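The structure under discussion appears below in the form of structure tokens.
The values are calculated or read from the model by the stated rules, or taken from the named source; none is laboratory data. Model, not experiment: these values are computed from the prediction. Cβ placement follows ideal geometry from the backbone for every residue including glycine, while neighbour counts extend to all protein chains displayed. Heavy atoms of the whole protein, side chains included, go into the accessibility calculation; ligands, DNA and RNA do not. Shrake-Rupley method; radii C 1.70, N 1.55, O 1.52, S 1.80 Å.
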Amino acid sequence: MLTNREIAGAMTIKLDQVPEKTPAFVPGIRRAPNRGFRLTPEQTKTALKNALRYVPEEYHAELAPEFLNELLTMGRIYGYRFRPGGRIYAKPIDQYRGNCTEGRAFQVMIDNNLDFEVALYPYELVTYGETGSVCQNWMQYRLIKQYLEVMTDHQTLVMESGHPLGLFPSKPEAPRVIITNALMVGMFDNQADWEIAQEMGVSNYGQMTAGGWMYIGPQGIVHGTYNTILIAGRAKLGIPGDGDLSGHLFISSGLGGMSGAQPKAVEIARGVGIIAEVDYSRIKTRHDQGWVNMVSGDLDEIFRTASECLIKKEPLSIAYHGNIVDLLEYVVQNNIKVELLSDQTSCHVAYAGGYCPQGVTFEERTRLLAEDREQFRRLVDKSLRRQYELIKILVERGTYFFDYGNAFLKAVYDAGVKEIAANGVDEKDGFIWPSYVEDIMGPELFDYGYGPFRWVCLSGKPEDLARTDRAAMECIDPARRYQDRDNYVWIRDAERNKLVVGSQARILYQDAAGRVRIALKFNEMVRNGEIGPVMLGRDHHDTGGTDSPFRETANIKDGSNVMADMATQCFAGNAARGMSLVSLHNGGGVGIGKAINGGFGLVLDGSARVDEIIKSAMLWDVMGGVARRSWARNGNSIATSMEFNRGFAGRGHITLPYLADDELVDRLVSAAL
Ligand SMILES: NC(=O)c1ccc[n+]([C@@H]2O[C@H](COP(=O)([O-])OP(=O)(O)OC[C@H]3O[C@@H](n4cnc5c(N)ncnc54)[C@H](O)[C@@H]3O)[C@@H](O)[C@H]2O)c1
């Protein structure tokens, strides 16, 4: 039998030091709710042993009761004791230790994800989306940092659901970090089995950029939200191609990690937005950041002010402190005209606290979650059904409603509203109302390859960000398409719109060619010493990164929306081409079993090696998605793939679909069946 002494002696990278006591929790920092404890006694023993395997034996007797208490009271073992005291935030890269630029760069990214100013529940390592986490516990955090500090460019760190499995010999052209999160074996790929795995400490829900270490604060989603509501306005309200949302009203809910982008986006698009939020602390965060202008719990006052701004065509964002269902009740009763309507509560985990039922305050929701989950579930279902009825009335009155990628329609279906399914039976053919990807983002952006390209200036200097903004602008031809014009305006005004929260980061929707151009330009600037190193990445919520029938691939109609080949290929192809970090997750955005998403990070160090990675990997990352969308017969993707075949003749080639005549197929099938 091996002894712990022998095991300790066989490791050079390990947690030797256990802090004497748990650092005090800073008052006012949002804390995750109790996620519920549901393990059997045997599973509980395993969970404890799982957590203790990070810690030297001499501390086991002291830490075991502490870990058990966390499990029983929070539903997870976070290892609070191991959280470094004080504030964690993205420091300039040269303040981190490391044997390669990538190792130090990833520490910047991780710390940004856990910043009090950025993260949703920083003490519980949740970055955004109610449950999206960098890793599972603070022991992992410390160990990951140790690995990143020693990693060389001849090694690759393997991350399995938050756990740093180890450093393995590799080569400079390979990824430095490969991350997977929550990948479950098919028959266990469901929320209930995942919950058990997470409680036992063997799974991590990475969402997208939380577990992929690429979160850049709510800015990450502002550009996409801005595009979505602007394109919705143009497509559904008759706003001209070069027009904005002046004089138009948008209503939604949520001021959290992603949803907090809504008020900012609507103001940039010059419309009026009213966003319901039950948690006052989140309203305060967004208000303090200047991301929402007016705060009120008085619906008479809210709609009076909104109407004045609509008439004067002045932009305004308003946070309603209350439940979205109450807001909709008011709208229906008072016959208020709503043009654009959505919802961005965390419905991907509706029963785990993501959705606050009507009639329950935020504080009661937290208490109910801990004390009576069954009752909570019943109230969630009732509230979702009521919200559905109200939306139905508004849609009949002319409102354009869209699902905002939060699995809202699926949650309504799960709450028992079968009529919301497009085929009236199951969810396979989607729902009676479109998701924003189905109607807006899919055909108008993703199918061309436009997606949420982003970068972080690792020096932490605002002047580096300003330089990259200007350089990116020079790479865009605003006269090419309306998308390019919107992107040009976006980056031109980005600094003025004060979008940075946390690291010096920028988001800019771009297609494949645009991303390659900008990336090469930035790498050259690093090479010339004009700026410090840059981390490139993207949201997983992109053209090729994610297979999710309820979201990213909602506009794939050839039956392959239930397949996850594209995201997996995207991940593997990026790894093969040498991205610095590649990640593959289960459930990002919509919940376990409903999506597979791949992401990447690429550190620009100015080298010729990185130029080559940009030319092959950045192109692949986008065009792999365009090619699949083209094969699904999506018109704009076919056109983009044809352009690729011409432009890359002899170097690359995409198989194009022949288009069958609908009438021929209809006639034949009607006769046969
Ligand atoms: N639109 C996108 O592009 C996009 C991208 C990623 C994720 N998402 C999805 O959007 C959802 C929201 O993401 P997030 O990061 O903002 O999550 P979050 O949990 O940080 O924020 C959701 C907010 O909704 C509030 N809320 C819950 N129920 C409410 C109710 N009935 N009325 C009013 N407010 C209520 C919560 O208090 C919370 O602040 C998630 O499901 C996420 O997966 C959307």
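Structure above, values below:
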{"item": "Aspartates and glutamates whose Cα lies under 19 Å from that of residue 313, excluding same-chain neighbours fewer than 8 positions away", "result": "242, 244, 267, 301, 339"}
{"item": "Kyte-Doolittle mean at least -1.0 and Cα axial length at least 27 Å: DSSP H helices in the chain", "result": "373-396"}
{"item": "Diffusion constant of the stretch 415-546 at 10 °C, which comes from Stokes-Einstein with the Kirkwood Cα-pair radius and 1.306 mPa s, µm²/s", "result": "96"}
{"item": "Sequence-separation-based contact order of the stretch 63-189, relative, with Cα cut under 8 Å and 6+ spacing, percent", "result": "19"}
{"item": "Dipole magnitude of the chain, debye to nearest 20 (Cβ charges: Lys/Arg +1, Asp/Glu -1, about Cα centre)", "result": "880"}
{"item": "Extent along principal axes [Cα atoms of the stretch 473-544; Å; largest to smallest]", "result": "34, 26, 26"}
{"item": "Prolate/oblate/rounded call for the stretch 547-673, Cα gyration tensor, a/c under 1.5 rounded", "result": "oblate"}
{"item": "Tensor-based shape of the stretch 314-460 (alpha-carbon gyration tensor, a/c under 1.5 rounded, otherwise prolate or oblate)", "result": "rounded"}
{"item": "Local electrostatic count at residue 299 - Lys and Arg +1, Asp and Glu -1, tallied over other residues with Cβ under 12 Å", "result": "-4"}
{"item": "Cα gyration tensor, the stretch 162-211 - rounded (a/c under 1.5), prolate or oblate", "result": "prolate"}
{"item": "Counted charge near residue 203, where neighbours are those whose Cβ lies closer than 13 Å (Asp, Glu -1; Lys, Arg +1)", "result": "-3"}
{"item": "Surface/4 of the Cα convex hull for the stretch 59-148, nm²", "result": "6.4"}
{"item": "Over 29 Å between alpha carbons, listed pairs 264/312; 49/284; 21/91; 45/171", "result": "49/284; 45/171"}
{"item": "Aspartates and glutamates with Cα under 13 Å of residue 145, excluding same-chain neighbours fewer than 8 positions away", "result": "102, 111"}
{"item": "Computed P(r) (all Cα pairs; the stretch 445-497; 5 Å bins; percent)", "result": "4, 17, 27, 26, 15, 8, 3"}
{"item": "Within the chain, longest stretch clear of exposed GluC sites (Glu not before Pro) (DSSP loop, no more than 15 other Cβ within 10 Å)", "result": "174-494"}
{"item": "Accessible area in the full protein assembly, largest first, 1.4 Å probe, for 330, 658, 141", "result": "658, 330, 141"}
{"item": "Rounded to the nearest 10 Å², the accessible area of residue 490 at probe 1.4 Å", "result": "10"}
{"item": "Residue 284 accessible area, assembled protein chains, probe 1.4 Å, Å²", "result": "100"}
{"item": "Cα-based Lys pair tally, the stretch 404-524, threshold under 30 Å, eight or more apart or on separate chains", "result": "6"}
{"item": "Relative contact order computed over the stretch 331-463 (Cα-Cα under 8 Å; 6+ residues apart), in percent", "result": "23"}
{"item": "Lys, Arg +1 and Asp, Glu -1 on Cβ, resulting dipole of the stretch 443-531 about Cα centre, debye, nearest 20", "result": "160"}
{"item": "The chain, accessible surface, carbon-and-sulfur percent (1.4 angstrom probe)", "result": "53"}
{"item": "Largest-first principal axis extents of the Cα set of the stretch 1-105 (Å)", "result": "47, 45, 25"}
{"item": "Descending semi-axes in whole angstrom, ellipsoid equivalent of the stretch 156-250, from the Cα gyration tensor", "result": "40, 20, 11"}
{"item": "All-pairs Cα distance distribution in the stretch 236-308, expressed in whole percent, bin size 10 Å", "result": "19, 51, 25, 5"}
{"item": "Counted charge near residue 493, where neighbours are those whose Cβ lies closer than 13 Å (Asp, Glu -1; Lys, Arg +1)", "result": "+3"}
{"item": "Residue 667 accessible area, 1.4 Å probe, all protein chains in place, Å² to nearest 10", "result": "150"}
{"item": "Relative contact order of the stretch 1-132, defined on C-alpha pairs under 8 angstrom at six or more residues apart (%)", "result": "26"}
{"item": "Solvent-accessible area per residue for the chain (1.4 angstrom probe, square angstrom)", "result": "39"}
{"item": "Where 540, 163 fall by accessible area, highest first, once all protein chains stay in place (1.4 Å)", "result": "163, 540"}
{"item": "Over 48 Å [Cα-Cα, the chain], rounded percent", "result": "12"}
